[in-house]
Amino acid sequence: MSTSMSVSVSAAASSSLPPLLARRRSPPASLVPVRSLRSRPRPRLLSSARTTPVLLPAAAMAAPAPAASSKRDLLIFDAEENLAVALAKYTADISAKFAAERGAVTVVLSGGSLIYALRKLTEAPYLETVDWSKWHVFWVDERVVPKDHEDSNYKLALDGFLSKVPIPAGQVYAINDALSAEGAAEDYETILKQLVKNGVLAMSKTTGFPRFDLQLLGMGPDGHIASLFPGHPLVKENKKWVTHILDSPKPPPQRITFTFPVINSSAYVAMVVTGAGKAGAVQKAISDKKTSDLLPVEMAILDDGEFTWFTDKEAVSMLQN
C-alpha cells in the first residue's frame, strides 16, 4: 500500500491555518485543488498577504510501504515564528480531541529545538484553554544522566515548557536516573505497561504496542530520531517497547529510547525540523528517490496514524532545488 503526502506552503502566521483535524474531513473551499501528478510538485511560497495555505498532492512516499490508513503532510513556513504558532494550534486541537474521547492525552516529547518550538503553548490562549489536567507526558528518548544535568531532556523540557503549564507533577514520567541505562529502560517500559492496565495509555489493536496520542519529535542532521541512529542495530529492535544504548554516536553515550514499533503505533506524529543543516536528511526522507540504506526518519512509518512535517524554507531547500 502507498499513501500520498500533502504539501502546504504558507508565509502567513498560522493562526489562519484551518484546523488540521477538521481538514481531514472537509477541506476548506479556499484551498486550491491541483490534479495528481506523477512527480512531486515543487512547493511555492505564498506572499505574506496570503493567509490560506495551498495544499498540493505530492507523489506517494516510497519504501517502506505505509499502512493503507497512514497519512502524511508536509507543512513549510517562511519563519520559525509561524511554525511555532501552527504547532501550538495543532497540538491544542489534538489535545482537545483525546481529552474528549478518552479523558486522557498521552504526549511524547523529544529534546533539542523541539521544546523551544512549543513555546506558544505556554501563552494565551492555550495556557487557559488547553485542559492540562488530562496530559500525561513522556520522553521518546532520554540521556542517562541526573535530572538536573545540562544533557537531560527532562531538564530541557522542564525549563522551557513543563514549568510554565499546569500539568500535574504525577503525570510527568521522567526516567529513574538512579538506575543503569538497561535498568532505566526496563523500568520505563514497566511504567508504560502499568499505564496501559490503568487505561491511561491506549494499545494499538493492530501492532500490539502502546499507541500514544501524540509524539512531538525532532530529527538530527544525520536523520536520527529518538536515540535511533543510522546503521545502529537498535533500529531493528522489534520486541521491546523501550531499549537502551551504551554507545550513542552522539554524546552522552548512555541513553534509553522508544523503539520503532512504539513510534510507528502512534495516532499522530509531528516531526519538527528547521535549518539548512538538516536539508540533506529532509531531502532523502521526502524525495521520490529511495535507496536501501534508509535513515531512521525514513523508518518512521505510522501503522494507522497521521504524520506531519513542520519545516521551514531552509530545511526543504534541497527539495526546492
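Side notes on the structure shown:
- For segment 100-135, filtered to residues that are open to solvent by 10 Å² or more (accessible area, probe 1.4 Å), free of Cβ contacts under 8 Å to residues at least 60 places away in the same chain and not in a helix (DSSP H, G or I), the residue that is nearest to G220 (Cα to Cα) is E123.
- Single condition F138 does not satisfy, out of (1) open to solvent by 10 Å² or more (accessible area, probe 1.4 Å); (2) within 30 Å of Q254 (Cα to Cα); (3) in contact with a Phe, Trp or Tyr (Cβ under 8 Å, 6 or more places away or on another chain): (1)
- Scanning segment 136-154 for residues that are part of a helix (DSSP H, G or I) and within 15 Å of S113 (Cβ to Cβ) yields a single hit, N153.
- Residue in segment 175-190 that is surrounded by 19 or more Cβ atoms within 10 Å (Cβ to Cβ) and among the aromatic types (F, W, Y) present: yes
- Only one of the numbered conditions (1) surrounded by 18 or more Cβ atoms within 10 Å (Cβ to Cβ); (2) within 13 Å of R143 (Cα to Cα) is violated by L246, and that is (1).
- Of the residues A281, A276, A267, A300, the single one that is within 12 Å of the chain's Cα centre (by Cα) and over 14 Å from M5 (Cβ atoms) is A267.
- Among the residues of segment 191-214, those identified as assigned to a strand (DSSP E or B) and either more than 13 Å from the chain's Cα centre (by Cα) or surrounded by fewer than 19 Cβ atoms within 10 Å (Cβ to Cβ) (or both) are A202, M203, P210, R211.
- Scanning segment 293-318 for residues that are out of contact with any His (no Cβ under 9 Å at 6 or more places or on another chain), among the aliphatic types (A, V, I, L, M) and open to solvent by less than 20 Å² (accessible area, probe 1.4 Å) turns up A300, L302, A315, V316.
- Residue in segment 215-235 that is open to solvent by 30 Å² or more (accessible area, probe 1.4 Å) and part of a strand (DSSP E or B) present: no
- Checking each residue in segment 279-292 for being touching a residue at least 12 places away in the same chain (Cβ under 8 Å), closer than 23 Å to P233 by Cα and open to solvent by 10 Å² or more (accessible area, probe 1.4 Å) picks out G280, K284, K290.
- Matching option when the condition is of a type outside the set (A, V, I, L, M) and touching a strand residue (DSSP E or B) at 6+ places or on another chain (Cβ under 7 Å), among S265, S287: S265
- Near pairs, Cβ below 7 angstrom, 6+ apart or cross-chain, from segment 157-175 (assigned to a loop (DSSP other than H, G, I, E, B)) to any residue that is among the hydroxyl-bearing types (S, T, Y) and modelled with pLDDT of 95 or more: F161/T122; V165/T122; P168/S133; A174/Y154; I175/Y188
- Residue list for segment 254-278, filter: under 18 Å from P233 (Cα atoms) and touching a residue at least 60 places away in the same chain (Cβ under 8 Å): Q254, R255, I256, T257, F258, I263
- Within segment 265-293, tally of residues that are closer than 30 Å to V196 by Cβ and modelled with pLDDT under 95: 0
The values are calculated or read from the model by the stated rules, or taken from the named source; none is laboratory data. Note that the structure is predicted; figures quoted are calculated from it, not measured. Ideal geometry is used to build each Cβ from the backbone, glycine not excepted, and the neighbour counts take in all protein chains shown. What goes into the accessible areas is simple: the full protein's heavy atoms, side chains included, and nothing from ligands, DNA or RNA. Shrake-Rupley method; radii C 1.70, N 1.55, O 1.52, S 1.80 Å.
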